[in-house]
Amino acid sequence: MADDMNDFEKELEQFLDFDAPKVGDMKTGTIISISQQGAIVALANLKRDGIVQHSDLAKLDDAERESLKVNDEVTVKVVSTADPNSLIVSIFQARMLKDWDEVEALKESGELIEVEINGYNKGGLTAPYGRLRGFVPLSQISGLSRGLDDRERQRRMAKMRGEKAMVKVIEVDRQK
């Protein structure tokens, strides 16, 4: 009987030691189910499952979404703890935070990276980095001198779409 009580006390201690998840927490878990409605992730150290909504999975690109399989380990961000019966988590937001951390590290290191130009606007070129959109201001683009008229500048930038460019991250602003 004393051994049973010790086992019970150990179990109770583990349960009481449990940290309730908070919005914004990053957690690791294993995908246990994927359906049209979303996915269910068994979250390590939480003793409960997280629900990844269909709308979250839809934000992933096709290749990422198709690569997700049952038993895959994934990192998720806790999005909502409002309903005690369903913890809402996001794979997309967790991956976006990872992208932000990577660009901040690139800024600190000064390392050059290769990007593909995918668009332009009046102020410069745009290029994706993971789920983020990078911006290269006109002042940083060689071959687009100040003497060009707007039409010629726009034409040259349009021709750059699809080209690869070596860039250095000089500013990171999560608010923009």
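The values are calculated or read from the model by the stated rules, or taken from the named source; none is laboratory data. Only a predicted model underlies this, so the values are computations on that prediction, with no experimental measurement involved. Because the Cβ atoms are built from the backbone with ideal geometry, glycine has one as well, and the counts that use them run over all protein chains shown. Accessible surface areas use protein heavy atoms only, side chains included; no ligands, DNA or RNA. Shrake-Rupley method; radii C 1.70, N 1.55, O 1.52, S 1.80 Å.
Points to keep in mind about this one:
- Scanning the stretch 134-145 for residues that are part of a loop (DSSP other than H, G, I, E, B) and open to solvent by 40 Å² or more (accessible area, probe 1.4 Å), we see that the one that is nearest to residue 166 (Cα to Cα) is 142.
- Scanning the stretch 62-77 for residues that are open to solvent by 40 Å² or more (accessible area, probe 1.4 Å) and out of contact with any Asp or Glu (no Cβ under 8 Å at 6 or more places or on another chain) yields 62, 63, 65, 66, 67, 69, 70, 71, 72, 73, 75.
- Residues that are among the hydrophobic types (A, V, I, L, M, F, W, C) and touching an Asp or Glu at 6+ places or on another chain (Cβ under 6 Å), drawn from the stretch 140-174: 166, 172
- Residue in the stretch 107-121 that is under 30 Å from residue 149 (Cβ atoms) and of a type in the set (S, T, N, Q) present: yes
Okay, residues lined up against (1) of a type in the set (Ser, Thr, Tyr); (2) farther than 11 Å from residue 167 by Cα; (3) surrounded by 14 or more Cβ atoms within 10 Å (Cβ to Cβ):
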site	(1), (2), (3)
117	no, no, yes
123	no, yes, no
128	no, yes, yes
132	no, yes, yes
147	no, yes, no
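- When the stretch 37-61 is filtered for residues that are at pLDDT below 90, open to solvent by 50 Å² or more (accessible area, probe 1.4 Å) and more than 20 Å from the chain's Cα centre (by Cα), the ones remaining, listed by number, are 45, 47, 48.
- Residues of the stretch 43-78 that turn out to be farther than 19 Å from residue 130 by Cβ and of a type in the set (Val, Ile, Thr), as a count: 3
- Among the residues making up the stretch 111-163, those that are over 20 Å from residue 173 (Cβ atoms) and among the hydroxyl-bearing types (Ser, Thr, Tyr) are 142, 145.
- Residues satisfying the stated conditions in the stretch 18-30, i.e. more than 14 Å from residue 88 (Cα to Cα) and either part of a strand (DSSP E or B) or among the basic types (Lys, Arg) (or both): 30
- For the stretch 78-109, the set of residues classified as among the small types (Gly, Ala, Ser) and open to solvent by 70 Å² or more (accessible area, probe 1.4 Å) consists of 82, 109, listed by residue number.
- Search result, residues across the stretch 62-87 that are without any contact (Cβ under 8 Å) to a residue 40 or more places away in the chain and within 16 Å of the chain's Cα centre (by Cα): 62, 63, 64, 65, 67, 68
- Exclusive hit being touching a residue at least 40 places away in the same chain (Cβ under 8 Å) and within 28 Å of residue 65 (Cα to Cα), set 114, 171: 114
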